[in-house]
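Step one of this worksheet: look at the structure below.
The values are calculated or read from the model by the stated rules, or taken from the named source; none is laboratory data. Fair warning: this is a prediction, and the values are worked out from it, not measured in the lab. Cβ placement follows ideal geometry from the backbone for every residue including glycine, while neighbour counts extend to all protein chains displayed. Calculation scope for accessible area: heavy atoms of the full protein, side chains included, ligands and nucleic acids excluded. Shrake-Rupley method; radii C 1.70, N 1.55, O 1.52, S 1.80 Å.
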Amino acid sequence: MSDQDPGSVPDQPWPQPQPQPQPQPGRPWQWPWVAVVVMLVLACGGAAAVAVVAGELSREGTKPLWITYEVTGTAKDVDVTYPTWQDGDLSTARLTLRTLPWTGG
């Protein structure tokens, strides 16, 4: 125990608050700009990929394509209905056949 009077002031001074470290001067908003730039690069890359794929599909869509249908069986007076694509429009063609087999396109 101490020999001091309970109402007396201790010999050591009160602890002094430690100085807080000051933030370094610089760019506090740098990371949001980096995130924005990364997002823009990804968005532009995605848009370029979509444009390349769309261009390839567009070129493939203009090539003529022949499809051959074949109907077999023993029925008489048959109606054959099939889709056709001509000049950019989808339509339906219908044939009435007297006998089978039939092959056409």
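Worth a mention:
- The stretch 43-103 - percent of accessible surface contributed by carbon and sulfur, probe 1.4 Å: 59
- Extension gain, Trp31 back to Tyr69 (0.36 nm per residue minus Cα-Cα distance, nm): 7.5 nm
- Rounded FRET efficiency, nearest 0.05, which uses the C-beta distance separating Glu56 from Tyr82 and R0 of 22 Å: 0.20
- Spacing of the modelled spin labels on Cys44 and Ser91, each 7 Å from Cα toward Cβ, amounts to 4.7 nm.
- Computed over protein heavy atoms with a 1.4 angstrom probe, the accessible surface ordering of Glu56, Glu70, largest first, is Glu70, Glu56.
- In a DSSP loop and with at most 15 other Cβ atoms within 10 Å, the chymotrypsin sites (Phe, Trp or Tyr not before Pro) in the stretch 47-94 are Trp66.
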